[in-house]
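The values are calculated or read from the model by the stated rules, or taken from the named source; none is laboratory data. Please read all numbers here as calculations on a predicted model, not as lab measurements. Quick reminder, even Gly has a Cβ in these numbers, built from the backbone with ideal geometry, and neighbours come from all protein chains shown.
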């Protein structure tokens with residue numbers, strides 16, 4: 001069985017993330033979307049909320065499974081018997097950092113990294129940018145799945 005993991009913080013998930021999930025799921029028997037936990041960062045959404053939003057946004061893709069992880073991604077791959085990491089690259093600046101990570105991961109564990117270029121519609125899109133625009137009242141409804149937009153709007157109105 002060909003399995004891959006697509007790691008990220010997904011705080012919140014964007015249409016760019018969902019695009020990569022759908023495309024990567026077509027290449028593997030199973031794609032695990034791993035919400036990575038960084039205890040040093042205060043997220044807008046909890047890990048469980050992020051998993052729930054991603055699950056809803058990809059519920060029509062049967063070979064996608066959600067999970068979370070705190071620690072080295074290669075250790076997760078080892079435990080789950082996953083041989084490929086999927087990474088979306090938006091810009092050259094992403095490539096420089098991600099290439100180093102891919103080489104380190106390959107050296108540490110033999111896990112390969114598959115880089116996917118984004119749909120040009122989403123090449124500028126990041127969760128941080130979405131949060132910033134939404135915080136100042138900008139319309140991000142076309143940048144995130146509908147269920148994410150609803151929760152994002154609710155969360156920012158609570159603040």
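Selection within the range 142-152: residues that are in contact with a helix residue (DSSP H, G or I) (Cβ under 9 Å, 6 or more places away or on another chain) and surrounded by 13 or more Cβ atoms within 10 Å (Cβ to Cβ). The member of this set that is farthest from residue 121 (Cα to Cα) is 151. Scanning the range 108-126 for residues that are within 29 Å of residue 77 (Cα to Cα) and modelled with pLDDT under 95 gives 108, 109, 110, 117, 118, 119, 122, 123, 124, 125, 126.
Condition check for residue 150 on (1) at pLDDT 95 or above; (2) closer than 27 Å to residue 29 by Cα: one failure, at (2). Could you tell me whether residue 138 is loosely packed, with under 13 Cβ neighbours inside 10 Å, part of a loop (DSSP other than H, G, I, E, B) and over 18 Å from the mean Cα position of the chain (by Cα)? Taking the combined requirement at face value, the residue satisfies it. For the structure I just gave you, tell me whether residue 124 is touching a residue at least 12 places away in the same chain (Cβ under 8 Å), in a loop (DSSP other than H, G, I, E, B) and over 14 Å from the mean Cα position of the chain (by Cα). So residue 124 passes the test.
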